[in-house]
Amino acid sequence: MCGIVGVAAKRDIASLLLEGLQRLEYRGYDSAGIALRLAGGELRRLRRAGFVSRLIEDFERDPMAGEVGIAHTRWATHGAPTERNAHPLFSGREVAVAHNGIVENYEQLRDQLAASGVSFSSDTDTECIAHLVALELRAGKDLAAATRDALSQLVGTYSVVVLAAAEPGAFVAANRGAPMVVGLGESENYAASDISALLHATRRYRFLRNGDIALVRADRVEISGPAGEAVDRPLVESEFGPESVERGAYRHYMQKEIFEQAGAVRNTLRPLIVEGLPDHFLFGAELAGRFGDIAAVHIAACGSAYNAGLVARQWLQEHAGMPCTVEIASEYRYHPPPCPENCLYLAISQSGETADTLAATRLALERGYLGVAALSNVATSSLVRMVEHSLLTRAGLEVGVASTKALLTQLVALAMMTLALARQQGKPDQDVRALTQQVAALPDLIEQLLEMDARMEQLAGHFENRGHALFLGRGPMWPVAMEGALKLKELSYIHAEAYAAGELKHGPLALVDDSMMVVALAPDDGLLPKLRTNLEEVRARGGQLFVVSAPRADLGREDGMIVVRLPAPSTNLQAPVLYTVPLQLLAYHAAVRKGNNVDRPRNLAKSVTVD
Ligand code: F6R
């Protein structure tokens, strides 16, 4: 989704801004732009539809220089992804604005502004902000006050940077409900919607809270709260440096991230296992004191994180006897399930910036849960800062839009949460210890699985020319099938759906003919005989079967079937993690074979910061 970067320095900052834009590319976007305040005070901009590389090429052909400026990658919401609608948006030559989020009352504001003689040069909601700030500046206010008063007229969630011809050496950064961080450098300071835009410049940050306005200059940053009062926001040192987002020898970030999974899972598990048992303090001391009271769990999440939640539901029911409801966050926020007594709410979000998950969690904080917790990969994210308790995965920065290592680390963290709750519910220590060992064995097992890469590359050829695929699984493998289908469709653009295998004959079987690829997940569990029946149902209709199975699973007749056997047997706590890996490889290679942009699939964004 959209990305913002702003810089104030005592040197030309164009290259810093452009590098910031390149670092934001992973989020997904369709146009980009940069605006500088030139030495004489004039605001000048360059905007392009399409890739940042195009913007940079054209910039280099006709460069400009300035010591303060803002830049943006846009993911279109209001107005087509054209140069005319790309940010920064201007009000005359007085004000430039780059904006993430949505101005919900923009039609009303546009009408008001048009009635007072303002003419618009884009189809965006953002342009209203530029005109509102310009009007406030003309009323004699300074940039911070003008921005505050302009933003007070907006309905919606946003983050924004504002540059004015009348304010030398400074820009303003502000937010409400969307992330904005100020970066601190040596004689220069920055702001961005995401720290990855600033990793090349600094590791020192202050995160703005809702309603904050930061006036950013080369030598100082002044932050004021919603009423204009000076506020101090904590200084945070990030563990990530520029090397965290290098692709190295890998062809794509996604490939690198798939191969980093064993390490990511190992790092995530390390602090969660204490003397062979799940850490009682995994969500921190405060929740540990009430852990024994937890009687139910509500999970809200989107996309792959939702699939992880569905696996956790099965584990919580089976191992901890704990009722668990899993909701898509965009549904939860409008149709929340009743909140039972002693229920823990858990938001799962890799980025911690997904707008729907944030909105669901904001609602949960008002609903009388025993605790409101987050499972996230980003310690400094809006989600983690919003909740009472958090559990962090340690996947490192994930750049590829499709979640891979983040998902696997979520699964193992959820496995450990399940076991910690199971122990509280009275499961004997020796049983919990044995189950913990199964989880602890996962990094080595994942490493073995990655050796299947060449085979999956070859087998992905069977998918290349297909239009449709069905994924089937039972129990905790059903959400794994959902994840496999999600990965295949988002990367290879092959239409894929997942079903609980028993549902096949209740509808989807009608689709099966010799053009249909049917991927079945077959761990050697008690449900294998049932799954065998499903395989026969597909075979009888000529469907092409692709079965990912346990090493010695008895699949019945195997002729005409593509069978991928995992190298080792797996338990119910291991299988969802392990079976996900070949499905990731399959989707990755199918997409590469089709020549798709695997790191930035069309129309998608890494952090979905609009709802
Ligand atoms: C799919 C994918 C998305 C995300 C979803 C939630 O590969 O990456 O479905 O899982 O957008 O994102 P987070 O976890 O950042 O809230």
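The values are calculated or read from the model by the stated rules, or taken from the named source; none is laboratory data. Remember, predicted model here, so these are calculated numbers, not experimental data. Please note: Cβ atoms are built from the backbone with ideal geometry, for glycine as well, and neighbour counts cover all protein chains shown. Surface areas here come from the heavy atoms of the whole protein model, side chains and all, with no ligands, DNA or RNA. Shrake-Rupley method; radii C 1.70, N 1.55, O 1.52, S 1.80 Å.
Overview of results
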{"read-out": "Proximal aspartates and glutamates to Lys427, defined as alpha-carbon separation beneath 16 angstrom and excluding residues fewer than eight positions away on the same chain", "value": "Asp279, Asp293, Glu318"}
{"read-out": "Cα-based radius of gyration of the chain once divided by 2.2 N^0.38 Å, which approximates compact folds", "value": "1.01"}
{"read-out": "Accessible-area ranking of Asp58, Asp611, largest first, probe 1.4 Å", "value": "Asp611, Asp58"}
{"read-out": "Karplus-derived HN-Hα couplings along the stretch 73-90 (A = 6.51, B = -1.76, C = 1.60, θ = phi - 60°), whole Hz, x at Gly and Pro", "value": "10, 10, 10, 4, 10, 10, x, 4, x, 10, 4, 4, 9, 6, 8, x, 8, 9"}
{"read-out": "Beta bridges per DSSP with both ends in the chain, % antiparallel, nearest 5", "value": "60 percent"}
{"read-out": "C-alpha long axis of helix 14-24 to longest principal axis of the chain, angle in °", "value": "20 degrees"}
{"read-out": "Per principal axis, descending, Cα span of the stretch 3-245 in whole Å", "value": "50, 42, 33"}
{"read-out": "Positive dipole terminus of the chain, leading residue within Ala35, Thr325, Val401 (C-beta point charges)", "value": "Val401"}
{"read-out": "Rounded Å value of the spacing that divides the Cα centres of the stretch 527-598 and the stretch 489-526", "value": "10 Å"}
{"read-out": "Under 15 Å from the Cα of Lys141 - aspartates and glutamates, other chains or at least 8 residues apart", "value": "Glu94, Asp149, Glu167"}
{"read-out": "Cα-Cα P(r), the stretch 87-151, percent of pairs per 10 Å interval", "value": "24, 59, 17"}
{"read-out": "5 angstrom amide H check on Ser390, placed H, neighbours 5+ away", "value": "Ala374"}
{"read-out": "Farthest positive-ward along the chain dipole, Cα basis, beta-carbon charges - from Gln438, Gly211, Ala379", "value": "Gln438"}
{"read-out": "Peptides 98-109, 226-237 ordered by average Cβ neighbours within 10 Å, highest first", "value": "98-109, 226-237"}
{"read-out": "Sequence-distant residues sharing a close amide H with Ala300 (under 5 Å, placed H)", "value": "Glu327, Leu346, Ala347, Ile348"}
{"read-out": "Overall Cα dimensions of the stretch 446-599, principal axis frame, Å, largest first", "value": "39, 36, 26"}
{"read-out": "Whole-percent carbon and sulfur share, accessible surface of the chain, 1.4 Å", "value": "48 percent"}
{"read-out": "Val563 paired with Glu60, simple spin-label distance in nm, labels 7 Å along Cα-to-beta-carbon", "value": "5.5 nm"}
{"read-out": "From phi via Karplus (6.51, -1.76, 1.60), per-residue ³J(HN,Hα) for the stretch 372-383 in Hz, x at Gly/Pro", "value": "10, 10, 10, 10, 9, 9, 10, 4, 9, 6, 4, 4"}
{"read-out": "Solvent-accessible surface ranking, highest first, for Phe207, Phe259 at 1.4 angstrom", "value": "Phe259, Phe207"}
{"read-out": "In Å², nearest 10: area of Asp194 left accessible to a 1.4 Å probe", "value": "20 Å²"}
{"read-out": "Computed E for Ser187/Ala510 - FRET, C-beta separation, R0 60 angstrom, nearest 0.05", "value": "0.35"}
{"read-out": "Glu83 versus Ser244: modelled label distance in nm, points set 7 Å from Cα along the beta carbon direction", "value": "3.6 nm"}
{"read-out": "Separation of the Asn597 and Ala288 label points, Cα + 7 Å toward Cβ, nm", "value": "4.6 nm"}
{"read-out": "Amide hydrogen neighbours beyond the local backbone of Val564, cut-off 5 Å, H modeled", "value": "Val547, Val548, Ser549"}
{"read-out": "Two-site FRET efficiency, Glu503 against Ala434, from Cβ-Cβ distance with R₀ of 30 Å, rounded to 0.05", "value": "0.35"}
{"read-out": "At 1.567 mPa s and 4 °C, Stokes diffusion of the stretch 248-440 via Kirkwood alpha-carbon radius, µm² per second", "value": "78 µm²/s"}
{"read-out": "Cα long-axis angle, helix 126-138 against the chain (0 to 90 degrees, to the nearest 10)", "value": "30 degrees"}
{"read-out": "Under the Karplus curve 6.51 cos²θ - 1.76 cosθ + 1.60, θ = phi - 60°, whole-Hz ³J(HN,Hα) for the stretch 434-444, x wherever Gly or Pro sits", "value": "5, 5, 4, 4, 4, 5, 5, 7, 4, x, 5"}
{"read-out": "Dipole moment magnitude, nearest 20 debye, the chain about Cα centre, only Lys, Arg, Asp, Glu C-beta charged", "value": "400 debye"}
{"read-out": "Accessible area per residue, Å², the chain with all protein chains present, probe 1.4 Å", "value": "37 Å²"}
{"read-out": "When each of Lys256/Lys594; Lys405/Lys594; Lys489/Lys530; Lys256/Lys505 is checked by Cα-Cα distance, pairs over 31 Å", "value": "Lys256/Lys505"}
{"read-out": "Contact order relative to length of the stretch 11-125, as percent, for alpha carbon pairs under 8 angstrom and 6 or more apart", "value": "27 percent"}
{"read-out": "The stretch 306-392 - Rg over Rh from alpha carbon coordinates, Kirkwood radius", "value": "0.93"}
{"read-out": "Accessible surface ranking that places the most exposed of Lys141, Lys505 first, with a 1.4 angstrom probe", "value": "Lys505, Lys141"}
